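Here's the structure, in structure tokens; my notes come after.
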Amino acid sequence: MKAYVFPGQGAQYPGMGKDLYENSAEAKILFDKANEILGFDITDIMFNGTVDDLKQTKVTQPAIFLHSVLLAKTINGFAPAMVAGHSMGEFSALVANKTLTFEDGLKLVFKRAMAMQKACKIEPSTMAAIVGLDDETVEEVCASINETVVPANYNCPGQLVISGSEAGIEKACALLTEKGAKRALKLMVGGAFHSPFMEPAREELAEAINTTTFSKPICPVYQNVNAQPVSCPEEIKKNLIAQLTAPVKWTQTVKNMIADGAVSFTEIGPGKVLQGLIKKVDKTAETSGIENFAG
């Protein structure tokens, strides 16, 4: 079976999506519609902006969503057997499998971005990538610290991103280095995503999700919060709301997709991050990517 996966925040780059705009009439119409929905010219920032311009949360998340979703729409005979997305990429996956319309998906992604940006300003918090330790050791150290520190992204074996208070992350990095981590690197992010620090954003996003129509998908989506295939619209909603404060179980997701028959993974959108993570989960997995308009 063929699985399609969609990247999250961090995959953006200047010029992303420009070839789509120039070569696909459908993509051009939807890019222009996105400018109307968002109320600013996101296409100009995507095509002509700097790296720093693209780092703004209100730009980053919609930009990656647009690139991924519009690429999927231009693939001839696009018929996924299963889909998944990493963090924000789950929204792209839900448009690709027709759970959400393009317009509703974009509105929710923008709402999510703005709510997360607001939550980051309430209390200082951050994230760190821990490389070279097993998940259990990282989990135990996080639990032992008298601060809010939690696993946030189970990216692949030996790579777990943690989220928490700035003091808690400092303590965790020191302890995990003592435990033998090859790297305990603080990330340049605005706050502690996928942690209790995102609770205000979760509440805000929940209101928007609960008033949005979710349709029966054409194939299951493997969701971040439980790494399981889901086809029930109400269950998809519930898991999508929980995602903001829960960890992204990407390692478990890839393993479950392979166990359920996925023989190839195609990453749709900017970058090759997910292809690399999938290979680290299972080096025999067949991976490819679609980053530019293919016609």
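Laboratory data are not the source of any read-out in this text; all were calculated from the coordinates shown. Keep in mind that this is a model prediction, so the values were computed, not measured. Because the Cβ atoms are built from the backbone with ideal geometry, glycine has one as well, and the counts that use them run over all protein chains shown.
So what is the 222 nm mean residue ellipticity for the chain from helices alone, if each DSSP H run of at least 4 adds -39500 (n - 2.57) and you divide by all residues, rounding to the nearest 500 deg cm²/dmol? Please list the in-between numbers first.
Details: 13 runs with 140 residues, N = 295.
Taken over the chain, the calculation gives -14500 deg cm²/dmol.
What's the local net charge at Ala96, with K and R +1, D and E -1, over the other residues with C-beta under 11 Å away? Display every interim value, and only then the final one.
Working: positive: Lys73, Lys98; negative: Glu90.
The answer is +1.
If I take every Cα pair under 8 Å that is 6 or more residues apart in segment 174-295, average their sequence separation and divide by the length, what percent do I get for the relative contact order? Walk me through the numbers before you get to the answer.
Working: 132 pairs, mean separation 24.1, N = 122.
Once divided by the residue count of segment 174-295, the mean separation gives 20 percent.
Given the convex hull over the Cα atoms of segment 15-89, what projected area results after averaging over all orientations, in nm²?
On the way: hull surface 21.5 nm².
Result: a mean projected hull area of 5.4 nm².
Using +1 at the C-beta of Lys and Arg and -1 at the C-beta of Asp and Glu, which of Leu277, Ala81, Leu54 has the Cα lying farthest in the positive direction of the dipole of the chain?
Ala81
Among residues other than Leu20 whose Cβ falls under 11 Å from its Cβ, what is the net charge (Lys/Arg +1, Asp/Glu -1)? Don't skip to the end; give the middle numbers.
Values: positive: Lys18, Lys28, Lys73; negative: Asp19, Glu22, Glu26, Glu291.
That works out to -1.
Averaging sequence separations of C-alpha pairs under 8 Å and six or more residues apart, then dividing by the length of segment 125-186, give the relative contact order as a whole percent. Write out the running numbers ahead of the final one.
Numbers: 127 pairs, mean separation 28.4, N = 62.
Worked out over segment 125-186, it gives 46 percent.
What three numbers, in Å, describe the spread of the alpha carbons of segment 144-187 along their principal axes, ordered from the longest?
26, 21, 19
Ignoring chymotrypsin sites (Phe, Trp or Tyr not before Pro) that are buried or in helix or strand per DSSP, and keeping those with at most 16 other beta carbon atoms within 10 Å, what is the longest stretch of the chain between them? Working shown, then result.
On the way: sites that count: Phe40, Phe78.
Answer from the scan: 79-295.
Based on the Cα coordinates of the chain, what is the per residue volume of their convex hull in Å³?
116
Which percentage, to the nearest 5, of the DSSP beta bridges contained in the chain is antiparallel?
Roughly 55 percent of the DSSP beta bridges within the chain come out antiparallel.
Taking just the C-alpha trace of segment 213-261, give me its Rg and Dmax in Å.
For segment 213-261, the Cα-based Rg and Dmax read 10.8, 31 Å.
Which of the three applies to segment 118-269, rounded, prolate or oblate, going by the alpha-carbon gyration tensor with a ≥ b ≥ c and a/c under 1.5 meaning rounded? Working shown, then result.
Numbers: a/c = 2.57, a/b = 1.34, b/c = 1.91.
Oblate, because a/c is 1.5 or more while a/b does not exceed b/c.
Under 8 Å for C-alpha pairs, at least 6 residues apart: give me the relative contact order for the chain, rounded to a whole percent.
Details: 632 pairs, mean separation 72.0, N = 295.
Reported as a whole number, the value is 24 percent.
Please compute, for the alpha-carbon atoms of segment 1-157, the extent along each of the three principal axes and give them in descending order in Å.
Extents along the principal axes: 55, 40, 25 Å.
Explain nothing, just the number: dipole magnitude of segment 125-186 about its Cα centre with +1 on each Lys and Arg Cβ and -1 on each Asp and Glu Cβ, in debye rounded to the nearest 20. Numbers along the way, then the final one.
Values: 5 positive and 9 negative charges, 54 e Å.
Here the size comes out at about 260 debye.
With r as the distance between the Cβ atoms of Ala25 and Lys179 and R0 = 51 Å, compute the FRET efficiency 1/(1 + (r/R0)^6) and round to 0.05. Walk me through the numbers before you get to the answer.
Numbers: r = 55 Å, r/R0 = 1.08.
Taking R0 as 51 Å, the efficiency between Lys179 and Ala25 is 0.40.
Take Ala208 and Lys2, extend 7 Å from each Cα along the Cα→Cβ direction, and tell me the distance between the two endpoints in nm.
3.2
For the chain, modelled as a GNM with alpha-carbon contacts under 10 angstrom, which of Pro157, Pro124, Pro270 fluctuates the most?
Comparing Pro157, Pro124, Pro270 in a Gaussian network model of the chain, the most mobile one is Pro124.
Given R₀ = 25 Å, FRET efficiency for Glu286-Asn76 by Cβ-Cβ distance, to 0.05?
0.80
Which of the trypsin sites (Lys or Arg not before Pro) found in segment 181-249 are in a DSSP loop and have at most 13 neighbouring Cβ atoms, other than their own, within 10 Å? Please report the intermediate quantities before stating the final value.
Details: sites: Lys182, Arg183, Lys186, Arg202, Lys237, Lys238, Lys249; in loops: Lys182, Lys249.
Filter output for segment 181-249: Lys182.
What's the angle, to the nearest 10 degrees (0 to 90), between helix 250-259's Cα axis and the longest principal axis of the chain?
The two axes meet at around 60 degrees.
Could you tell me which of Leu94, Ala119, Val263 has its Cα farthest along the dipole of the chain towards the positive end, charges placed at Cβ (Lys, Arg +1; Asp, Glu -1), taken about the Cα centre?
The residue sitting most towards the positive pole is Val263.
Please rank Ile169, Ile42, Ile64, Ile268, fewest neighbouring Cβ atoms within 10 Å first, as an exposure proxy. Provide the component values of the computation, followed by the final result.
Numbers: Ile169 25, Ile42 22, Ile64 31, Ile268 28.
Listed from fewest to most nearby Cβ atoms, that is Ile42, Ile169, Ile268, Ile64.
Work out the length of the dipole vector of the chain about its Cα centre, built from +1 on the beta-carbon of each Lys and Arg and -1 on the beta-carbon of each Asp and Glu, and round it to the nearest 20 debye. Please list the in-between numbers first.
Working: 28 positive and 33 negative charges, 73 e Å.
Approximately 340 debye in magnitude.
Work out, step by step, the length gained on full extension between Val263 and Lys58: first 0.36 nm times the residue separation, then minus their alpha carbon distance; give nm to one decimal. Walk me through the numbers before you get to the answer.
Values: separation 205, 0.36 × 205 = 73.80 nm, distance 3.52 nm.
Here the segment from Val263 to Lys58 would lengthen by 70.3 nm.
Taking the 0 to 90 degree range and rounding to the nearest ten, how far is the long axis of helix 135-144 tilted relative to the main principal axis of the chain, both from C-alpha atoms?
60
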